[in-house]
Amino acid sequence: MSFDLFCRVVDNFGDAGVCWRLARRLAALGQSVRLWIDRPEVLARLLPALDAQAAVQTLDGVQISAWDRAGQARPPRGGVVIEAFACALPPAFEAAMAGRDCLWINLEYLSAEPWVEGCHGLPSPQTNGVPKFFFFPGFTPATGGLLREPDLLARHEAAQAQDRGERLRALTGRADALPPADDDALTVLLFCYPDAPLAGLQAALAGLERPVRLLSPGDRPPAALRDRGGLRIVSIPFVPQARFDELLGCCDLNFVRGEDSLVRALWAGSPLVWQIYRQAKDAHLDKLEAWLDRARWPAPAAELIRAWNRLDDAAVARALPAALAEPAWSDWRARSRTWCAELADRPDLGQDLLDFCLRNRPHGAPSVRMYS
């Protein structure tokens, strides 16, 4: 089949990251894929090989095109058009879909809320007659699953046999990322939104009895963070998407934000603290609770994640030491490995989406139509 995947960048790197992973996964499954993106410069931060100024280019079997060129394009007959995160298709491209046996997929945001299971795969009648379906990523067999490459968990397992300090120093180019003398340090990745309760995080980590290396990707660490007690702040380069899994696998505890980083942290099989994307009237907190119900972390870990998302410095300072104390810490680590294995028993989102499209393509649509 052929796929046209449309992406508008709203949530920093998350939208671009998810869409690129999906496009690349579909291409690896033997499909013909075009990715249309409105801000290629954001994708270029994740893919150093990408030329953000080029109108059209191909990487890893995916044709990447500037969004504004879609008005002069049309989908192949029998093609699948994916509207990522309700981005709204270019009107001319949408009009061109009529009468071409296309299949239209509305790829939704990741959610653990129970209602998602009832809406996943439902049709959405359209005035142009093109069959459209809702497709929800999720954490249960009644959803579309999570993005995962077939060899991802094997790569994580193989990396654990190597020296962690050497891996971190090679990955970041920083000799102080984890010096040999600090091999027993608690290594923490901090990838958060600017409003995160950093004062509470610093107070909690600085008060621990063991040394802590807090890795902060980007040009410089947030101004609110300082070396204190046994806590050392290490600014590391912004790693490309292809290396992010390695970074997650090197850390004992991963603070992550948004959808793409959450899923990759889950596959790392280590404890994580998720900062969910904020919404008006605190609607995101209900979604967070639904995810915590699925995660079944130990109570101290769940309280830490709630405090982190409520931006409560004092609560974070109290909750983090409790989550890192025994037996909560061992339970959190064990549950992280168990949930990772449970999720990996199900098809990944790319394969599930392809199977769904094969089952639901219009009668008479050609089985393969490659781009010229």
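Quick one: helix 349-360 against the long Cα principal axis of the chain, what's the angle to the nearest 10°, folded into 0 to 90? Helix 349-360 sits roughly 20 degrees off the main axis of the chain.
Of all beta bridges that DSSP places with both ends in the chain, some 15 percent have antiparallel geometry. By a 1.4 Å probe calculation restricted to protein chains, Ile105 has an accessible surface near 0 Å², given to the nearest 10. Solvent-accessible surface (1.4 Å probe) assigned to Val18 amounts to roughly 10 Å². By the helix-only formula, in which each DSSP H run with n ≥ 4 contributes -39500 (n - 2.57) and the sum is divided by residues, the chain has a 222 nm mean residue ellipticity of -11500 deg cm²/dmol.
In the stretch 196-287, which trypsin sites (Lys or Arg not before Pro) fall in coil by DSSP and have 13 or fewer other Cβ atoms within 10 Å? Spell out each step's value before the answer.
Numbers: sites: Arg213, Arg226, Arg228, Arg232, Arg243, Arg257, Arg264, Arg278, Lys281, Lys287; in loops: Arg226, Arg278.
Sparse-neighbourhood loop trypsin sites (Lys or Arg not before Pro): Arg226, Arg278.
Close amide-amide hydrogen proximity is noted between Gly138 and Gly144, Gly145, Leu146, each under 5 Å apart and 5 or more residues distant or on a separate chain (H modeled in the peptide plane; Pro and chain starts excluded).
Between Pro180, Pro347, Pro271, the residue with the greatest mean-square fluctuation in the GNM of the chain (Cα pairs under 10 Å linked by springs) is Pro180. Here the 3J(HN,Hα) profile of the stretch 99-108, calculated from phi with Karplus coefficients 6.51, -1.76 and 1.60 at θ = phi - 60°, is x, 10, 6, 7, 10, 10, 10, 9, 7, 8 Hz, Gly and Pro shown as x. Taking every C-alpha pair closer than 8 Å and separated by at least 6 residues, the mean separation divided by the residue count of the chain gives a relative contact order of 18 percent. In the elastic network of the chain, a GNM with C-alpha springs shorter than 10 Å, the most mobile of Leu253, Leu262, Leu59 is Leu59. Annotation: amide H of Val80 within the under-5 Å range of Ser2, Phe3, Asp4, Leu103, sequence separation 5 or more or interchain, hydrogens built in the peptide plane. A cysteine counts as unpartnered when no other cysteine's C-beta lies under 4.7 Å of its own; in the chain this applies to Cys87, Cys102, Cys119, Cys192, Cys250, Cys251, Cys340, Cys357.
Couplings for the stretch 287-299, taken from phi via the Karplus curve 6.51 cos²θ - 1.76 cosθ + 1.60 with θ = phi - 60°, read 5, 4, 5, 5, 5, 5, 4, 6, 5, 6, 5, x, 3 Hz in order; Gly and Pro are left as x.
Farthest toward the positive end of the dipole of the chain, out of Ser65, Leu225, Phe134, is the Cα of Ser65, where the dipole comes from beta carbon charges about the Cα centre. In the stretch 249-326, one over the average inverse separation of all distinct C-alpha pairs is 12.9 Å, which is the Kirkwood hydrodynamic radius. Applying a DSSP loop filter and a limit of 13 other Cβ atoms within 10 Å to the chymotrypsin sites (Phe, Trp or Tyr not before Pro) in the stretch 176-249 leaves Phe238. Computed from backbone phi with θ = phi - 60° and the Karplus coefficients 6.51, -1.76 and 1.60, the 3J(HN,Hα) list for the stretch 35-50 is 10, 9, 9, 7, 10, x, 5, 6, 4, 5, 5, 8, 10, x, 6, 7 Hz; x is used for glycine and proline.
Just check the chain against the gyration tensor rule for me: Cα atoms, a ≥ b ≥ c as the square roots of the eigenvalues, rounded for a/c under 1.5, and otherwise prolate or oblate depending on whether a/b exceeds b/c. Let's see the in-between values first.
Working: a/c = 2.11, a/b = 1.78, b/c = 1.19.
Prolate, because a/c is 1.5 or more and a/b exceeds b/c.
Distant-in-sequence amide contacts of Leu231, defined by a placed amide H-H separation under 5 Å and a gap of 5 or more residues or a different chain, comprise Val212. Rounded, prolate or oblate: which one fits the stretch 1-114, using the alpha carbon gyration tensor with axes a ≥ b ≥ c (rounded when a/c is under 1.5, else prolate when a/b beats b/c, else oblate)? Since a/c stays below 1.5, the shape of the stretch 1-114 is classed as rounded. Averaging the Cα positions of each part gives two centres, and for the stretch 272-299 and the stretch 111-125 these lie 19 Å apart.
When a/c is below 1.5 the answer is rounded, else prolate if a/b is larger than b/c, else oblate, so apply that to the stretch 151-196 with a ≥ b ≥ c taken from the square roots of the Cα gyration tensor eigenvalues. All intermediate terms of the calculation are to be shown ahead of the outcome.
Values: a/c = 2.04, a/b = 1.16, b/c = 1.76.
Note, shape of the stretch 151-196 comes out oblate.
Considering every alpha-carbon pair of the stretch 170-269, the percent of pairs per 10 Å bin, from zero through the bin containing the longest distance, is 15, 52, 32, 2.
Which net charge results when you count Lys and Arg as +1 and Asp and Glu as -1 among the other residues whose beta-carbon is under 11 Å from that of Arg24?
Numbers: positive: Arg21, Arg25; negative: Asp60, Glu149.
So the surrounding residues net to 0.
Among Leu189, Leu122, Leu349, the largest mean-square fluctuation in a Gaussian network model of the chain, built with springs joining Cα atoms closer than 10 Å, belongs to Leu122.
The values are calculated or read from the model by the stated rules, or taken from the named source; none is laboratory data. Values in this document were obtained by computation on a predicted structure and should not be read as measured data. Heads up, the Cβs are rebuilt from the backbone with ideal geometry, glycines too, and the neighbour counts pull from every protein chain shown. Remember, those area values only see protein heavy atoms, side chains included, never the ligands or the DNA or RNA. Shrake-Rupley method; radii C 1.70, N 1.55, O 1.52, S 1.80 Å.
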